[in-house]
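The values are calculated or read from the model by the stated rules, or taken from the named source; none is laboratory data. Note that the coordinates shown come from a computational prediction; the quantities given were computed from them, not determined experimentally. Glycine also receives a Cβ, built like all others from the backbone with ideal geometry; neighbour counts cover every protein chain displayed.
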Amino acid sequence: MGIKVLIVEDETKILSLMESYLQTEGYEVLTAADGMSAVQLYAKSKPDVVILDWMLPNLNGLDTCRKLRQLGSPGIIMVTAKSEETDKIVGLEMGADDYLTKPFSLRELSARIRSLLRRMNLNGNDETASVLRRGDLAIREDSLQVFLGSREVHLTPTEFKLLHLLASKPGRVYSRMQLLQHAFEDEFIVDERTVDSHISKLRKKLENGGQPIDYIQTVYGFGYRFGAEP
């Protein structure tokens, strides 16, 4: 099956240009002009990647992003005219995996999608399934699924990449820059604080009944490591 991309954009001309270009790139393209339609379409069709505009009618991009994260784990690229660093951080904290500022070229959009697909492991490689186990934590590389005991933990592609790297070598300390370069291969996002935001959200998702589990430990002044198995 091909990669399915949902474009959420209320400007008809921009939407049409992106749709046409991505179709020529071989993607199956779905479109929505507002946030509520996007959420409904995602629930029905489960696209792999969502290109999500910040300013949308009915439901803005940030709230749409939050609702999409409640429904599943698509790759989300936030598109906006906002270029301030704080705006980018807010978008990432809401669950976006990457950030594209208008105006942008269609070639750049395509490059961002390819980069995100590599992080999601949806680049067509047929690799043998494997499961990484750390205590009650099970990480499935083939399906990008994480289980804590019998409970599935829904992670974004970026969160999955960070957790898998840390869990693959317990005790090894990774700097923020090392984690950033691993999670964002093409270095479109270079603010090291982005890692702190993703780690914070990851820790919350790995809580057990509201009680934190010390899987990911902070090494002050340097970065993070995966701690001893609980």
Consider segment 39-84. How many of its residues are farther than 22 Å from P103 by Cα and either of a type outside the set (D, E, K, R) or outside any loop (DSSP other than H, G, I, E, B) (or both)?
20
In segment 167-189, the residues that are out of contact with any helix residue (DSSP H, G or I) (no Cβ under 8 Å at 6 or more places or on another chain) and either at pLDDT below 85 or surrounded by 14 or more Cβ atoms within 10 Å (Cβ to Cβ) (or both):
A167, P170, V173, S175, Q178, Q181
Starting from residues that are within 20 Å of L144 (Cβ to Cβ) and touching an Asp or Glu at 6+ places or on another chain (Cβ under 9 Å), keep the ones in segment 50-77 and report whichever is surrounded by the fewest Cβ atoms within 10 Å (Cβ to Cβ).
S73
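Considering D142, D87, which residue is at pLDDT below 80 and surrounded by fewer than 15 Cβ atoms within 10 Å (Cβ to Cβ)?
D142 is the lone residue from the list that is at pLDDT below 80 and surrounded by fewer than 15 Cβ atoms within 10 Å (Cβ to Cβ).
For Q217, are the conditions met, namely being at pLDDT below 90 and outside the structural domain of P47 (by TED's automatic domain parsing)? Spell out the reasoning first.
On the way: at pLDDT below 90: no; outside the structural domain of P47 (by TED's automatic domain parsing): yes.
For Q217, the condition - at pLDDT below 90 and outside the structural domain of P47 (by TED's automatic domain parsing) - is not met.
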Does A96 satisfy being modelled with pLDDT under 90, in contact with a strand residue (DSSP E or B) (Cβ under 9 Å, 6 or more places away or on another chain) and exposed (fewer than 13 other Cβ atoms within 10 Å of the Cβ)?
no
Which of the residues spanning segment 5-38 are without any contact (Cβ under 8 Å) to a residue 60 or more places away in the chain, surrounded by fewer than 17 Cβ atoms within 10 Å (Cβ to Cβ) and either assigned to a strand (DSSP E or B) or hydroxyl-bearing (S, T, Y) (or both)?
T12, S16, S20, T24, E28
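Does segment 150-158 contain at least one residue that is assigned to a strand (DSSP E or B) and modelled with pLDDT of 85 or more?
Of all residues in segment 150-158, those assigned to a strand (DSSP E or B) come to 151-153.
Okay, now just the ones that are also modelled with pLDDT of 85 or more, so 152-153.
Checked segment 150-158: at least one residue is assigned to a strand (DSSP E or B) and modelled with pLDDT of 85 or more.
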